[in-house]
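Take a look at the structure set out below.
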Amino acid sequence: MILAQALRNIFRFPSTRGHRALTPDPLERTPMRRPFIAGNWKMNLGCQDAVRLAQQIREVLGSLPDRDVAVCPTFVSLGAVAQVLEGSPIQVGGQDCARFDDGAYTGEVSATILRSTGARLVILGHSERRHVMGETDEVVRAKMGKAREHGLRPILCVGETLEEREAGRTLEVVERQVRKGLEGFGAPDLAETTVAYEPVWAIGTGKVATPEQAQEVHAAIRGWLKELGGAVGEDMRIQYGGSVKPSNVNGLMAMRDIDGALVGGASLKADDFAELVGFDLS
Ligand code: PEP
């Protein structure tokens, strides 16, 4: 209870930790680009713990008039978490979906099955899927198509490895992932899609990209999205992901083309996640 009260105070009196010094112009975001914070719970929390965390987050966050929030539990807990969050502004998403329709694909979860749990979002192309499970751009694109065909809003993850960054290939790699992932998407599908820039070297490592490093790539992504979707590209949201925490979220969110965050580790504790979600928008 004391925790909940403390966090409500954070919301009422947003922190003033000096992000203004960095400040590009957050107010230049188009109205469609409501800040969007999503928690990726990865392969953590059994069903009961996931339900408990969802309950805590719901209690602590209350209403969210000026930002969108989602949590993405494991497939196993999705239905239970969606029930806990029903009627709240917190959306629920999967961490992946199959590139196939329903059928004989043992171990896979289709977009239609995801939807049946109450999920409306899905993370696709996460670096752990690309680099640990070996997903190619083509696989990611096929999953993006299934997600949209079945009414899910995808979060397309893109990002370079440390080796690629050090070789000066960041923009080349990210451009390829963006263009391949969105291949064939028209304006209506683009409008339902979020892109998450997640440098692989910053995920789960505690190393965060500086706001300027992230902004440089976000600005490039914005340019490609505008090429692909015109005005829709201008309105698409681009999240940053990679060791986002309450202590660095304000600096990142002050950047002109950073519209939200995809958060792993810090989304597993209700108080950290709530503090993050309560970043200072002024
Ligand atoms: C992620 O899971 O997408 C992520 C960015 O993880 P973390 O915040 O732990 O780096």
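Condition test on Glu128, is it assigned to a helix (DSSP H, G or I), within 16 Å of the ligand (Cβ to nearest atom) and either in contact with a helix residue (DSSP H, G or I) (Cβ under 6 Å, 6 or more places away or on another chain) or closer than 25 Å to Pro35 by Cβ (or both)? Judged against the criteria, Glu128 is a match.
Looking at segment 83-115 only, could you name the residues that are closer than 25 Å to Leu64 by Cα, surrounded by fewer than 21 Cβ atoms within 10 Å (Cβ to Cβ) and small (Gly, Ala, Ser)? Within segment 83-115, Gly87, Ser88 meet the criteria.
Taking (1) β-branched (Val, Ile, Thr); (2) away from the ligand (no atom under 15 Å from the Cβ); (3) surrounded by fewer than 21 Cβ atoms within 10 Å (Cβ to Cβ) in turn, Thr193 satisfies each apart from (3).
Taking first residues from segment 110-124 that are more than 14 Å from Lys143 (Cβ to Cβ) and partners that are of a type in the set (Lys, Arg), the Cβ contacts under 8 Å between residues at least 6 apart in sequence or on separate chains come to Arg120/Arg153.
Just one of the listed residues (Thr205, Thr194) is in contact (Cβ under 8 Å) with a residue 60 or more places away in the chain and among the hydroxyl-bearing types (Ser, Thr, Tyr), and it is Thr194.
The rows are residues; the columns are (1) part of a helix (DSSP H, G or I); (2) touching a Pro at 6+ places or on another chain (Cβ under 9 Å); (3) buried (at least 17 other Cβ atoms within 10 Å of the Cβ).
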position: Pro154; (1), (2), (3): no, no, yes
position: Ala209; (1), (2), (3): no, yes, yes
position: Glu212; (1), (2), (3): yes, no, no
position: Val217; (1), (2), (3): yes, yes, yes
position: Ile221; (1), (2), (3): yes, no, yes
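For segment 140-156, the criterion of being free of Cβ contacts under 8 Å to residues at least 24 places away in the same chain and more than 16 Å from the ligand (Cβ to nearest atom) is satisfied by no residue at all. I'd like to check something: does segment 67-76 contain any residue that is within 16 Å of the ligand (Cβ to nearest atom), assigned to a helix (DSSP H, G or I), crowded, with 17+ Cβ neighbours inside 10 Å and touching a residue at least 60 places away in the same chain (Cβ under 8 Å)? No, segment 67-76 has no match at all. Note on segment 234-282: residues that are under 11 Å from the mean Cα position of the chain (by Cα) and more than 10 Å from the ligand (Cβ to nearest atom) amount to 4. When Glu172, Glu183 are checked against the criterion of being away from the ligand (no atom under 16 Å from the Cβ) and either in a helix (DSSP H, G or I) or within 17 Å of the chain's Cα centre (by Cα) (or both), Glu172 stands alone in meeting it.
Every condition in (1) under 22 Å from Arg153 (Cβ atoms); (2) within 16 Å of the ligand (Cβ to nearest atom); (3) among the charged types (D, E, K, R) is met by Arg222 except one, and the failing one is (2). Please find, within segment 28-66, the residue that is nearest to Gly242 (Cα to Cα) out of those that are touching a residue at least 40 places away in the same chain (Cβ under 8 Å) and of a type in the set (Val, Ile, Thr). For segment 28-66, the residue satisfying everything is Ile37. Starting from residues that are in contact with a Cys (Cβ under 8 Å, 6 or more places away or on another chain) and among the aliphatic types (A, V, I, L, M), keep the ones in segment 120-137 and report whichever is surrounded by the fewest Cβ atoms within 10 Å (Cβ to Cβ). Out of the qualifying residues, it is Leu121. If only residues of segment 85-124 that are in a loop (DSSP other than H, G, I, E, B) and within 16 Å of the ligand (Cβ to nearest atom) are counted, the one that is farthest from Gly264 (Cα to Cα) is Asp96.
Within segment 45-57, the set of residues being under 30 Å from Met32 (Cβ atoms) and in contact with a Pro (Cβ under 9 Å, 6 or more places away or on another chain) comprises Leu53, Ala54.
All of the numbers you see were taken from the coordinates with simple rules; none came from a lab. In this text the structure is predicted, and so the values were computed from the model without any measurement. Don't worry about glycine lacking a Cβ; one is built from the backbone with ideal geometry, like all the others, and counts go over all protein chains shown.
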